[in-house]
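What follows is a short report on a single structure.
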Amino acid sequence: MDTRKNVLEKMSDHELEQYIKPDSKFVPQAIQYAYEILQSRGRSFTHDEQEHINTILSITEGNKTITIHPNYTKASNLIYLSGAAGIASLIWTSEQLNSGLAIVISIAITAFVFGIGYIIGKGNEVARYLFIIFFIFGLIGIPTLVNHLSTNPVLGIINIIQLILQTWAVILLLKIPKNKKV
């Protein structure tokens with residue numbers, strides 16, 4: 001959430017005091033702005049208040065230096081697109097969802113695809129390798145893909161689109177340097 005300093009500048013000193021309390025639930029950026037505004041208004045801070053604010057600001061600074069490799073985000077977006085194509089294939093073959101078990105399995109697989117895409121987007125290396133492993137196991141299904149092309153061309157094309165998107169995601173994930181998020 002973005003905190004605007006000009007909004008805080010309009011607040012009274014008493015309202016700004018709420019931001020710098022130890023049990024404050026405000027975001028670190030808002031606490032920093034409140035601190036700066038109060039300081040510019042001539043407010044002096046106790047040693048404990050100074051330590052509390054410096055701790056929050058150092059945590060904020062530490063969070064700013066951690067960046068996620070852009071390939072995580074790109075791969076995540078490709079996985080989301082693959083999941084959307086999976087939903088399209090479910091809609092196309094909706095007549096096959098004739099039992100509760102088939103529906104539950106379809107929802108679980110779709111949730112897994114979107115979930116792993118989300119976790120990869122956060123830069124999680126375990127999810128990265130998990131996706132690559134599942135992709136390799138999924139390559140076993142290529143004969144089924146060829147069969148779909150001959151029996152149901154629309155489904156076959158959707159499956160090819162998914163394969164291309166996932167292959168592209170795997171390539172991006174493999175290009176990320178090991179043990180580095182920067």
Check on ALA85, in a helix (DSSP H, G or I) and in contact (Cβ under 8 Å) with a residue 24 or more places away in the chain: yes
Scan of segment 8-37 for residues that are assigned to a helix (DSSP H, G or I), under 14 Å from LEU57 (Cβ atoms) and among the aliphatic types (A, V, I, L, M), ordered by number: ILE20, ALA30, ILE31, ALA34
Residue check for ALA75: small (Gly, Ala, Ser), modelled with pLDDT under 90 and in a helix (DSSP H, G or I): no
Every pair of residues 6+ apart whose Cβ atoms lie under 7 Å, when the first sits in segment 151-180 and is in contact (Cβ under 8 Å) with a residue 12 or more places away in the chain while the second is outside any helix (DSSP H, G or I) and among the polar types (S, T, N, Q): LEU155/THR93
Qualifying position, being surrounded by fewer than 17 Cβ atoms within 10 Å (Cβ to Cβ), modelled with pLDDT of 90 or more, part of a helix (DSSP H, G or I) and on the phi < 0 side of the Ramachandran plot, among PHE131, PHE137: PHE137
Segment 150-172, subset surrounded by 17 or more Cβ atoms within 10 Å (Cβ to Cβ) and of a type in the set (S, T, N, Q), residue nearest to the chain's Cα centre (by Cα): GLN166
LEU38, sole failed condition from (1) touching a helix residue (DSSP H, G or I) at 6+ places or on another chain (Cβ under 9 Å); (2) not assigned by TED's automatic domain parsing to the domain that holds GLU9: (2)
Residue in segment 94-115 that is touching a residue at least 40 places away in the same chain (Cβ under 8 Å) and surrounded by 14 or more Cβ atoms within 10 Å (Cβ to Cβ) present: no
Test result for ILE116, touching a helix residue (DSSP H, G or I) at 6+ places or on another chain (Cβ under 8 Å), under 13 Å from SER89 (Cβ atoms) and not polar (S, T, N, Q): no
Where LEU90 falls short, out of the listed (1) closer than 30 Å to LEU165 by Cα; (2) surrounded by fewer than 12 Cβ atoms within 10 Å (Cβ to Cβ): (2)
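The values are calculated or read from the model by the stated rules, or taken from the named source; none is laboratory data. What you see is a predicted model, and the numbers here were worked out from it, not measured in a lab. Methodologically, a virtual Cβ is constructed for each residue, glycine included, from the backbone with ideal geometry; neighbour enumeration extends over all protein chains shown.
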